[in-house]
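Asks: Below is a structure I'd like to ask you about.
The values are calculated or read from the model by the stated rules, or taken from the named source; none is laboratory data. Just so it is clear, the model here is predicted, and its values are computed rather than measured. Because the Cβ atoms are built from the backbone with ideal geometry, glycine has one as well, and the counts that use them run over all protein chains shown.
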2 protein chains.
Amino acid sequence: MGRVIVASVGYTKVGDHWDKSILDLAVEASKKALKPYSNIKPDVVIVANMFSGQSSKQEHLGALLASALNLVGIPAFKIEAACASGGVAFNVGYRMIRSGEADTALIVGVEKMRDLDVPEVSLALSMAESAEYTQFIGATFLSLNAMLARLYQETYNVTREELSAFPVIAHQNATTAEHAQFRKAINVDDVARSPLVSDPLRLLDCAPIGDGAAAILLTSDRVDEEDEVEVLSSKISTNIFSLYEREDMLTFSATKEAASKAFSEAGISLSDVDVLEIHDAFSVTAALSVEAMGFSKPGEGAKDAAAGVYSLKGRHPALTFGGLKGRGHPVGATGLYQIAELWLQLKGRGGLNQVDGCRIGVAQNIGGVDTTSVVTVLARR
Amino acid sequence: MGRVIVASVGYTKVGDHWDKSILDLAVEASKKALKPYSNIKPDVVIVANMFSGQSSKQEHLGALLASALNLVGIPAFKIEAACASGGVAFNVGYRMIRSGEADTALIVGVEKMRDLDVPEVSLALSMAESAEYTQFIGATFLSLNAMLARLYQETYNVTREELSAFPVIAHQNATTAEHAQFRKAINVDDVARSPLVSDPLRLLDCAPIGDGAAAILLTSDRVDEEDEVEVLSSKISTNIFSLYEREDMLTFSATKEAASKAFSEAGISLSDVDVLEIHDAFSVTAALSVEAMGFSKPGEGAKDAAAGVYSLKGRHPALTFGGLKGRGHPVGATGLYQIAELWLQLKGRGGLNQVDGCRIGVAQNIGGVDTTSVVTVLARR
């Protein structure tokens, strides 16, 4: 198997892009990623997106983007795995290169969410869950996670303040992240006083709705730089589809399995991880994610966050540019924003958000309630 | 690169499935494909689908199907490339196996179209074209193809009767295909007298709306049978996205390039091809497809069809179970119905539709107006 390098990255600011179409956003991120290597023509374009049909009446994004980038002729297609679309697309591109099926790949995640009104975006997101069972009874994606949050708090005696810790970290880091949607610090009181959305989840427990695109240029071992960023592993795992079918709802077993396999393939242990991007779609999601990967013990993810473990200067710096909560969560693009942010960190280009001396980065990107999980390990050589 | 075998196939009848959900259809086809090899647990599940969000308010089909098949844990995702979704998903699965990234793959195409009313399905299909330019001016996918048909007829002096030849062949072959949507023979007068849909295309020039699912079990060289069906090549190419941007609208250059590369990789020439499944979404599409691949000269595809070249007993038997027009065209599944039908032919299981002594089969599956094209070559060893 060959080595795979994250040669460059590009992304748009996350937020309201009323003046740009879904294609405009994808092109903007792609051009930024391609710019440093104008001599490289990708062998394949893979677009990660969840619901362009709903938001933009547009499918066939692969060929649409390839054509807009003057890459006519090359294979191009879209990959969808709900909010894990970005991570899965990265995984497929990575595997194409390491196996020799391609030499270079452009992986572009994009989502346009703000063009939908709230009921529409709520429906679009709930398509990550079963239409026949979960949607049918009126459960939104938010309400499922709210029930999970309640179970988490009651099972492990997690306080409102502890649950608020991840959003507080996310917003703190976002204040100095230029591409973040919300560059505004919040504290635990702000979270506790924010409007109740689905009890016990409040507005500031939940990642926002935003537009954005992130692109990654992957290559085989042809970029000759000292500090190149290599993909050590990327693993996808899937869980029993619906939350209510699982015996243990508080264990994110897809994340657990993907992380275990990825860490093993990469030859790393938890203590090797210098920077961590987790899928903090909701405060409870962040907590269960660090627990599933082993960074915190079961029931202690939120408590550890409250104790500073996941802060920028903590033992496991996480959400270093704001995560889903602060940077924003344009769903199909999120997994690739995570990769781009790890790349910034590993290259030492993190600016005010830089984690000093980091060498190993891990991203965890999920679709549904840990229904699909992708864990990726990157390293600076 | 390792050998890749089409170990088995499964599919539903194409047509109205009011009593089945999109998941039900995908499960039915998958179980049929998996049944002969109950000892095989696929390493990956890839779902091909174009617009499950519109039709079924359901995304995340990969994990949904994997979970329903008790394949929890394995990587699973959806691939979308408009009506070429099936061919592209097959290509990705094939490349994963030949490169050693996977040993077995379950590729499942599914589309639910009948739950949408006509304006809804027309909008869903037009998402294969640019929302900002083509849809915006009110052009449907049908009207674009109608303009192409008029250009084709006027450029090459193609008569109404000649244009009708492919639909007549398709319906003839569908009469004896158990899974076909329309098992009813038609003649050129029927086509000419059928309702005008978008001048010059009439109802019987156009593939119908139907529900269906087709599944393919791909494996590395582990199935030890004398008549195993091997994938010799699968190539994807893309064209300038919108028809109106192309200098030569009558040359399907994505198909031309994909076919040229696939035939070259497979080491075959046109005369080696015993059975041919083409993307006859419209009568004009069929004609331009055989021309792009070289089976007919430019302008002679429809004329050759009228002369019997593409009939079951002709020089290049095509649409052997009815093609998109007769078997039906559940868009995301179509590329995999084509593979399944080639498999039946190459295995000698074609029944009344069998092409005698066939050894090499070719499938061409397109998305948009030849915007994405996938050409696949299969061979019986």
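Asks: Quick one: A:A89 ticks every box in (1) surrounded by 24 or more Cβ atoms within 10 Å (Cβ to Cβ); (2) at pLDDT below 95; (3) not charged (D, E, K, R) bar one, so which box is it?
Replies: Looking at each condition in turn, A:A89 falls short on (2).
Asks: Among (1) among the aliphatic types (A, V, I, L, M); (2) more than 30 Å from B:V355 (Cβ to Cβ); (3) in contact with a strand residue (DSSP E or B) (Cβ under 8 Å, 6 or more places away or on another chain), where does B:L151 come up short?
Replies: (3)
Asks: Additional query: Given the residues A:T155, A:T134, A:T140, A:T104, which is the only one that is touching a Pro at 6+ places or on another chain (Cβ under 7 Å), in contact (Cβ under 8 Å) with a residue 12 or more places away in the chain and either more than 9 Å from chain B (Cβ to nearest Cβ) or more than 30 Å from A:E230 (Cα to Cα) (or both)?
Replies: Going through A:T155, A:T134, A:T140, A:T104 in turn, just one is touching a Pro at 6+ places or on another chain (Cβ under 7 Å), in contact (Cβ under 8 Å) with a residue 12 or more places away in the chain and either more than 9 Å from chain B (Cβ to nearest Cβ) or more than 30 Å from A:E230 (Cα to Cα) (or both): A:T104.
Asks: Let me ask another. Checking B:V223 against (1) within 30 Å of B:L352 (Cα to Cα); (2) modelled with pLDDT of 95 or more; (3) surrounded by fewer than 24 Cβ atoms within 10 Å (Cβ to Cβ): exactly one of these is not met. Which one?
Replies: Among (1) within 30 Å of B:L352 (Cα to Cα); (2) modelled with pLDDT of 95 or more; (3) surrounded by fewer than 24 Cβ atoms within 10 Å (Cβ to Cβ), B:V223 violates only (2).
Asks: Still on this model: Please go through segment A:11-32 and give me each residue that is part of a loop (DSSP other than H, G, I, E, B) and either touching a residue at least 40 places away in the same chain (Cβ under 8 Å) or under 21 Å from A:A177 (Cβ atoms) (or both), ordered by number.
Replies: A:T12, A:K13, A:V14, A:D16, A:H17, A:W18, A:K20, A:S21
Asks: Looking for whichever is under 30 Å from A:P119 (Cβ atoms) and aromatic (F, W, Y) here; the options are A:Y94, A:Y11, A:Y37. Which one fits?
Replies: A:Y11
Asks: Output the helices (runs of 4 or more DSSP H) that fall wholly within segment A:147-227 and possess 1 or more residues being basic (K, R), or say none.
Replies: A:160-163, A:188-193
Asks: Given the criteria hydroxyl-bearing (S, T, Y), out of contact with any strand residue (DSSP E or B) (no Cβ under 9 Å at 6 or more places or on another chain) and at pLDDT 95 or above, does B:S122 qualify?
Replies: Considered against the rule, which asks whether it is hydroxyl-bearing (S, T, Y), out of contact with any strand residue (DSSP E or B) (no Cβ under 9 Å at 6 or more places or on another chain) and at pLDDT 95 or above, B:S122 comes out as yes.
Asks: I've got another one for you. Here are some conditions: (1) within 30 Å of B:L352 (Cβ to Cβ); (2) within 17 Å of the chain's Cα centre (by Cα). B:R315 meets all but one. Which one does it not meet?
Replies: (2)
Asks: For B:A68, are the conditions met, namely being small (G, A, S) and facing chain A (nearest Cβ under 10 Å)?
Replies: Considered against the rule, which asks whether it is small (G, A, S) and facing chain A (nearest Cβ under 10 Å), B:A68 comes out as yes.
Asks: When you check B:I46 against the structure, is it more than 8 Å from chain A (Cβ to nearest Cβ) and modelled with pLDDT under 95, yes or no?
Replies: no
Asks: Tell me the residue from B:T251, B:T255 that is within 14 Å of chain A (Cβ to nearest Cβ), part of a loop (DSSP other than H, G, I, E, B) and polar (S, T, N, Q), please.
Replies: After applying the criteria, what remains is B:T251.
Asks: Exactly one of these conditions fails for A:Y244: (1) surrounded by fewer than 22 Cβ atoms within 10 Å (Cβ to Cβ); (2) at pLDDT 95 or above. Give me its number.
Replies: Of the numbered conditions (1) surrounded by fewer than 22 Cβ atoms within 10 Å (Cβ to Cβ); (2) at pLDDT 95 or above, the odd one out for A:Y244 is (2).
Asks: Follow-up. For residues that are in contact (Cβ under 8 Å) with a residue 24 or more places away in the chain and under 17 Å from B:A281 (Cβ atoms), tally how many sit in segment B:191-237.
Replies: Result for segment B:191-237: 15.
Asks: Still on this structure, please answer the following. Identify all residues within segment B:72-86 that are buried (at least 24 other Cβ atoms within 10 Å of the Cβ) and not aliphatic (A, V, I, L, M); write none if there are none. Spell out how you get there, then give the answer.
Replies: Going through segment B:72-86, the residues buried (at least 24 other Cβ atoms within 10 Å of the Cβ) turn out to be B:75-86.
Within segment B:72-86, B:P75, B:F77, B:K78, B:E80, B:C83, B:S85, B:G86 meet the criteria.
Asks: Can you tell me which of (1) in contact (Cβ under 8 Å) with a residue 24 or more places away in the chain; (2) in a helix (DSSP H, G or I); (3) buried (at least 23 other Cβ atoms within 10 Å of the Cβ) is the one A:K35 doesn't meet?
Replies: (3)
Okay, residues lined up against (1) modelled with pLDDT of 95 or more; (2) among the charged types (D, E, K, R); (3) farther than 30 Å from B:E59 by Cα:
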| residue | (1), (2), (3) |
| --- | --- |
| A:A139 | no, no, no |
| A:E162 | yes, yes, yes |
| A:A165 | yes, no, yes |
| A:A170 | yes, no, no |
| A:S194 | yes, no, yes |
| A:A207 | yes, no, no |
| A:V229 | yes, no, yes |
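Asks: Now for a separate question. Looking only at helices (runs of 4 or more DSSP H) that lie completely in segment B:298-376, which have at least 2 residues being closer than 22 Å to B:A33 by Cβ and among the hydroxyl-bearing types (S, T, Y)?
Replies: Where helices (runs of 4 or more DSSP H) fall fully within segment B:298-376 and carry at least 2 residues being closer than 22 Å to B:A33 by Cβ and among the hydroxyl-bearing types (S, T, Y), they are B:331-347.
Asks: Working carefully through the options B:I74, B:I79, find the one that is over 22 Å from the mean Cα position of the chain (by Cα) and within 10 Å of another protein chain (Cβ to nearest Cβ).
Replies: After ruling out the rest, the residue left standing is B:I74.
Asks: State whether one or more residues within segment B:12-26 are away from every other protein chain (no Cβ under 12 Å), touching a Lys or Arg at 6+ places or on another chain (Cβ under 6 Å) and surrounded by fewer than 24 Cβ atoms within 10 Å (Cβ to Cβ).
Replies: Yes; the residues of segment B:12-26 include at least one that is away from every other protein chain (no Cβ under 12 Å), touching a Lys or Arg at 6+ places or on another chain (Cβ under 6 Å) and surrounded by fewer than 24 Cβ atoms within 10 Å (Cβ to Cβ).
Asks: While we're looking at this one, here's another question. Looking for something under 21 Å from A:A214 (Cα atoms) and out of contact with any Cys (no Cβ under 8 Å at 6 or more places or on another chain) - is there at least one such residue anywhere in segment A:278-300?
Replies: For segment A:278-300, residues under 21 Å from A:A214 (Cα atoms) and out of contact with any Cys (no Cβ under 8 Å at 6 or more places or on another chain): present.
Asks: Of all residues in segment B:198-248 being more than 30 Å from B:V9 (Cα to Cα) and of a type in the set (K, R), which is farthest from the other protein chains (Cβ to nearest Cβ)?
Replies: Among those that are more than 30 Å from B:V9 (Cα to Cα) and of a type in the set (K, R), it is B:R202.
Asks: Follow-up question, since we're still on this one. Of everything in segment B:92-101, what is more than 7 Å from chain A (Cβ to nearest Cβ) and either among the polar types (S, T, N, Q) or surrounded by fewer than 24 Cβ atoms within 10 Å (Cβ to Cβ) (or both)? Give them in sequence order.
Replies: B:Y94, B:R98
Asks: Consider only pairs whose beta carbons are under 6 Å apart and that are at least six residues apart or on different chains; among these, list those whose first residue lies in segment A:112-123 and is touching a residue at least 24 places away in the same chain (Cβ under 8 Å) and whose second residue is surrounded by fewer than 18 Cβ atoms within 10 Å (Cβ to Cβ) and part of a loop (DSSP other than H, G, I, E, B).
Replies: A:R114/A:D16
Asks: Same structure again: Of the conditions (1) without any contact (Cβ under 8 Å) to a residue 24 or more places away in the chain; (2) surrounded by 24 or more Cβ atoms within 10 Å (Cβ to Cβ); (3) of a type in the set (A, V, I, L, M, F, W, C), B:V309 fails just one. Which one is it?
Replies: Failed condition: (2).
Results for (1) out of contact with any helix residue (DSSP H, G or I) (no Cβ under 9 Å at 6 or more places or on another chain); (2) of a type in the set (A, V, I, L, M); (3) over 24 Å from A:V369 (Cβ atoms), shown as yes or no for each residue.
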{"position": "B:N39", "(1), (2), (3)": "yes, no, yes"}
{"position": "B:A48", "(1), (2), (3)": "no, yes, yes"}
{"position": "B:F51", "(1), (2), (3)": "no, no, yes"}
{"position": "B:S56", "(1), (2), (3)": "no, no, no"}
{"position": "B:L69", "(1), (2), (3)": "no, yes, no"}
{"position": "B:A76", "(1), (2), (3)": "no, yes, no"}
{"position": "B:V92", "(1), (2), (3)": "no, yes, yes"}
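Asks: A:R246: within 25 Å of A:A128 (Cα to Cα) and charged (D, E, K, R), yes or no?
Replies: Working: within 25 Å of A:A128 (Cα to Cα): yes; charged (D, E, K, R): yes.
In short, yes.
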